[in-house]
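Below: one structure, written as structure tokens.
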Amino acid sequence: MTRSESSDRDPAFRFEYEPATIRFGTGCVADLEAELEERNLERALVVCGSTVGSTPEVIDPVRTGLGDRLAGVFDETTPKKRLATAIDGRERLRTEGADVLVSLGGGSSLDVAKIISTLAASDRTAGEVAAEFAETGTISVPEDGLIPIVAIPTTLAGADLSTVAGVTAAPESGLVDEEIGGGVSDPGLMPDAAVYDPELVATTPESVLAGSAMNGFDKGLETVYASNATPVTDATARHGLEKLADGLRAYGDGDRDTETFETILEGIVLVQYGISRPGETTLSIVHAFGHGLTRTYDVQQGAAHGVVVPHVLEYCFEQEEVDARSGLLANALGVDDAADREAAVVDAVTEIRDGLGLPSRLRDVDGPEPEEFSAVAEAILADPFMANAPPGLDPTVGEIEGVLEAAW
């Protein structure tokens, strides 16, 4: 049983957040040229993957929306978010004389756009940047000269209103001697605008949408019980979860109409609003599990989340000294009248996961085998997001292994 909803939470807080301008609505990509005009931006380089760049239903509305302000399309991003790709993107940006980056697609394209922006603000060579990344796992972000970014998500992971970016490098690029993963964080990397168009999201394959939706949904869950939650994020996450629960249940029942996608997107906007702030984030233990399961394995992030989240919630709720805020979660998910709210929350999350058609067992995904659970548990505990675990939670390696075994 958990204690009261506010037992370990200091009522004092500081909330600093400068989000992107949000454009929302069916067909709103038609307003891209007007958005750039508002910002005195003249030449846009679209940053996307090759599939998005060659899919008329996605790229054509963006081309039309940008109109005469379209400078070109750089369609070379991949889920690996390679530093070499960003270096090529910087060269393309300079060649086209672009003054704004428009990321189109999933979080990988947005991350690459942020790295391009970071590189473009500096005169450092590719070798100098790679040397810093190899030594530190990050890239210095200049105080001035960052290229503005307009984010157009086509997935539901909810990574658009953030100030961070992931990046990797591999030996085949000639930049580093070994595979390296890291990230960049700076308030200047918050997109200037984020454009949410249900018509574009509806073009994304269901297999991609399902995993990304679970990732976005978990951001709402995590924000509610994170140790650094605030009344502001309580409000946005609670209402966002309510929208997502309604929309994802309808999606799981086969509804694919515009209203369903609008409801889901409203929820995605809300659950990520305020969670990525200067120097902190509300992402917590589920995302730490996601990192531990995906950094050295091929399991997709959303699938990993879907497998473990019911078990992580059960584990948190079972800890007598932990404030995992089951009451607020139950209210958001529409099960607050249940006799056992904690069990009802787990059941509701499981129902939504199953409705998305995601795997329910760790043995069914390309993840670790049981003999590797101890190493994975250690990686999970070392993840920076564990600092935001619910108040009172102090897991051991053995307890984390137990969650992995329950998920197996």
### Query
Could you say whether any residue in the range 388-397 is in a helix (DSSP H, G or I) and closer than 15 Å to V308 by Cα?
no
### Message
Looking only at the range 25-43, count every residue that is open to solvent by 60 Å² or more (accessible area, probe 1.4 Å) and aliphatic (A, V, I, L, M) and tell me the total.
### Response
1
### Message
So the check is Cβ under 7 Å with 6+ separation or different chains; which pairs have a first residue in the range 199-212 that's within 18 Å of L358 (Cβ to Cβ) and a second one that's open to solvent by 70 Å² or more (accessible area, probe 1.4 Å) and in a loop (DSSP other than H, G, I, E, B)?
### Response
G211/Q300
#### Entry: Conditions (1) farther than 21 Å from G107 by Cα; (2) at pLDDT below 95; number of the one not met by Q300
(1)
### Task
Being hydroxyl-bearing (S, T, Y) and assigned to a helix (DSSP H, G or I) is the filter here, so list the residues in the range 292-336 that pass it.
T294, Y315, S326
### Query
Name the residues in the range 73-116 that are at positive phi and out of contact with any Cys (no Cβ under 9 Å at 6 or more places or on another chain), would you?
K81, G97
### Query
Just checking, which of A339, A406, A330 is surrounded by fewer than 22 Cβ atoms within 10 Å (Cβ to Cβ), under 23 Å from T233 (Cα atoms), modelled with pLDDT of 95 or more and small (G, A, S)?
A330
### Unique residue being of a type in the set (A, V, I, L, M, F, W, C), touching a Ser or Thr at 6+ places or on another chain (Cβ under 8 Å) and either free of Cβ contacts under 8 Å to residues at least 12 places away in the same chain or farther than 25 Å from H287 by Cβ (or both) when the list is V100, V73, V150
V150
### Task
Give the residues of the range 213-239 that are without any contact (Cβ under 8 Å) to a residue 40 or more places away in the chain and buried (at least 19 other Cβ atoms within 10 Å of the Cβ), sorted by residue number.
T236
### Query
Is the range 84-105 home to any residue that is at pLDDT below 95 and either touching an Asp or Glu at 6+ places or on another chain (Cβ under 8 Å) or not in a strand (DSSP E or B) (or both)?
no
### Query
Which residue, of V167, V176, is of a type in the set (A, V, I, L, M), in a strand (DSSP E or B) and touching a residue at least 12 places away in the same chain (Cβ under 8 Å)?
V167
### Query
Restricting the search to the range 5-26, which residues are modelled with pLDDT under 90, touching a Pro at 6+ places or on another chain (Cβ under 7 Å) and farther than 14 Å from T223 by Cβ?
D8
### Task
Scan the range 110-120 and give yes if some residue there is in contact with a helix residue (DSSP H, G or I) (Cβ under 9 Å, 6 or more places away or on another chain), part of a loop (DSSP other than H, G, I, E, B) and surrounded by fewer than 24 Cβ atoms within 10 Å (Cβ to Cβ), otherwise no.
no
#### Entry: Test: residue in the range 157-168 that is surrounded by fewer than 23 Cβ atoms within 10 Å (Cβ to Cβ), modelled with pLDDT under 95 and out of contact with any Leu (no Cβ under 9 Å at 6 or more places or on another chain)
yes
### Scan of the range 218-272 for residues that are among the aliphatic types (A, V, I, L, M) and closer than 15 Å to R325 by Cα, ordered by number
L221, V224, A226, A229, A235, A237, L241
### Task
Would you check if P384 is surrounded by 13 or more Cβ atoms within 10 Å (Cβ to Cβ), under 22 Å from the mean Cα position of the chain (by Cα) and either without any contact (Cβ under 8 Å) to a residue 60 or more places away in the chain or under 21 Å from A226 (Cα atoms) (or both)?
no
### Summary
T55 vs (1) loosely packed, with under 14 Cβ neighbours inside 10 Å; (2) at pLDDT 95 or above; (3) hydroxyl-bearing (S, T, Y): all pass except (1)
### Message
I149 - would you say it is out of contact with any Pro (no Cβ under 7 Å at 6 or more places or on another chain) and either crowded, with 21+ Cβ neighbours inside 10 Å or under 18 Å from P187 (Cβ atoms) (or both)?
### Response
no
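The values are calculated or read from the model by the stated rules, or taken from the named source; none is laboratory data. Only a predicted model underlies this, so the values are computations on that prediction, with no experimental measurement involved. Note that we place each Cβ from the backbone using ideal geometry, even for glycine, and neighbour counts take in every protein chain shown. The accessibility values were calculated without ligands, DNA or RNA, using every heavy atom of the protein model including side chains. Shrake-Rupley method; radii C 1.70, N 1.55, O 1.52, S 1.80 Å.
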